[in-house]
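Step one of this worksheet: look at the structure below.
What follows draws every value from the coordinates through simple rules; no lab data is involved. Only a predicted model underlies this, so the values are computations on that prediction, with no experimental measurement involved. Cβ atoms come from the backbone with ideal geometry, glycine included; neighbour counts cover every protein chain shown.
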Amino acid sequence: MLDLKAQYATIRKEVEAAIAEVLESQQFILGPKVEGCEHLIAAYSNCAHGVGVSSGSDAVLITLMAEGITAGDEVITTPYTFFATAGAIARLGAIPVFVDIDPDTYNINASKIRAKITTQTRAIIPVHLFGQMADMDSVMEVAEKYGLIVIEDAAQAIGAEYKGRRAGSIGHYGCFSFFPSKNLGGAGDGGMVVTNDATRAERLRCLRGHGSSSKYYHKVIGGNFRLDALQAAIISAKFPHLDDWTTARQANARRYDRLFREAGLSIGLPARTSDRHIFNQYVIRVSRRDQLQRFLQGEGIATEVYYPVPLHLQECFAYLGYTRGAFPESEMAAEESLALAIYPELSEEHARYIVKSIIEFYRT
Ligand SMILES: Cc1ncc(COP(=O)(O)O)c(C=O)c1O
């Protein structure tokens, strides 16, 4: 699915130099490398402030904490996302309220949000799944009307654009992940929150260091949510390559599209609804998905299912009381979606082999 070694071979020198610099400095916690990384990512996302944090999961959590979201509050999001999005809400005792997805984009169906708003609703977390942004005009319209906070979960969408605006810059906050499989991945866990609001940025900085702005004086209860200097240095060293990598992913996506269309197979190809889809994942929709996946595995082809169980059907969320059928589009996507390798270094030969094998499966 992902050949990180192929990528590392092209950037080894820059990354090793960045690591050596941090080791020489012996400054591992916050400091200039973290600040430098924050400036890069904030500017890239057209935001005034970046706050480096320990992971994409903690990015979502800390924004909810910064808004004082707590037990009994309701936060609207999609059930078709990585667990962290809803996990962060539930960890604070707040209630994840799910809204089904648009089947073409896999993103939250914004036209269904309004019906889920109650007096307890505090925020909306749209997720820009697979690298394509949600319908942010509609999300912002309903959020503004009801005075709700919007937290963009842009963990999979760094550099994605919607009507010329970058992921993370439209809502009150944007959350990124530097998990190694992301378009910009670190050498471990890492994340960032971007915002255009200086007061919110300050609150986040305070919360990521145990709620302390001045050492040993704690204004609020935070946590240790810091991005470490080694990760920041590695991410910053990789950053100049990000646009080239994304361009290569987009070219790979176009090639898949072309090959599948030429084959005349009736499978669902990724829809492009926003200006810049960064293709963190290339996800097709197919019948007999699990059989196809096993067949491809036998051919030496790795694929991935994002996500086999929508969040409203997860065991840990049984207390929310949702049952099968509650969100049919998410449930169908969970049965039909299959992600193919899309990493920048994917060779044409390998892509052709994957498509050829899928054709073979459906023709025999
Ligand atoms: C949509 C989404 N949100 C949040 C996260 C959490 O990021 P991390 O793995 O860095 O904690 C991920 C990571 O996979 C993600 O895909």
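Give the share of C-alpha pairs in each 5 angstrom bin for the range 92-136, from 0 to the last occupied bin, in whole percents, shortest bins first.
Percent of pairs per bin, in order: 5, 21, 31, 21, 15, 7, 1.
Order these peptides, 259-272, 25-38, by their mean beta-carbon neighbour count within 10 angstrom, highest first.
Listed from highest to lowest mean packing, they are 25-38, 259-272.
Under a Cβ-only charge scheme (Lys and Arg +1, Asp and Glu -1), can you give me the dipole magnitude of the range 1-96 about the Cα centre, in debye to the nearest 20?
It comes to approximately 220 debye.
Taking R0 as 22 Å, what FRET efficiency do you get between Q120 and E141 from their Cβ-Cβ distance, rounded to the nearest 0.05?
Calculated transfer efficiency: 0.60.
Among 302-313, 7-18, 183-194, 150-161, how do they line up from the highest to the lowest mean number of other beta-carbon atoms within 10 Å?
The most tightly packed comes first, giving 150-161, 183-194, 302-313, 7-18.
By the gyration tensor of its Cα atoms, with a ≥ b ≥ c the square roots of the eigenvalues, what is the shape of the range 187-265: rounded for a/c under 1.5, prolate for a/b over b/c, or oblate?
prolate
From the P(r) of the range 224-364, could you give the percentage of C-alpha pairs in the tail past 25 Å?
Percentage above 25 Å: 42.
Could you work out the helix-only [θ] at 222 nm for the chain, with each DSSP H run of four or more residues adding -39,500 (n - 2.57) and the total divided by the number of residues, to the nearest 500 deg cm²/dmol?
One gets -12500 deg cm²/dmol as the mean residue ellipticity at 222 nm.
Give me the Å³ per residue figure for the convex hull around the C-alpha atoms of the range 43-188.
Value for the range 43-188: 102 Å³ per residue.
Straight distance only, please: which aspartates and glutamates reach the Cα of K13 with their own Cα at less than 17 Å, same-chain residues fewer than 8 apart left out?
E21, E24
Once you have the Kirkwood Rh of the range 66-151 from its Cα pairs, apply Stokes-Einstein at 37 °C and 0.692 mPa s and quote D in µm²/s.
258
Going by the alpha-carbon gyration tensor, a ≥ b ≥ c the square roots of its eigenvalues, is the range 1-128 rounded (a/c under 1.5) or, if a/c is not under 1.5, prolate (a/b greater than b/c) versus oblate?
Taking the square roots of the gyration eigenvalues as a ≥ b ≥ c, the range 1-128 is prolate.
Provide the percentage of antiparallel DSSP beta bridges, counting only those with both residues in the chain; round to the nearest 5.
65
Filter the chymotrypsin sites (Phe, Trp or Tyr not before Pro) in the range 171-259 down to the DSSP loop ones having no more than 13 other Cβ atoms within 10 Å, then list what survives.
Sites meeting the loop and neighbour criteria: Y216.
For the chain, what ratio Rg/Rh do Cα atoms give with a Kirkwood hydrodynamic radius?
With Rh from the inverse mean 1/r over Cα pairs, Rg/Rh is 0.97.
In terms of the Cα gyration tensor, with a ≥ b ≥ c the square roots of its eigenvalues, is the range 195-237 rounded because a/c is under 1.5, prolate because a/b exceeds b/c, or oblate?
Cα axes put the range 195-237 in the oblate bin.
Using 0.36 nm per residue, how much length does the chain from S357 to D104 gain when fully extended, once their Cα-Cα distance is taken away?
Value of the extension gain: 88.6 nm.
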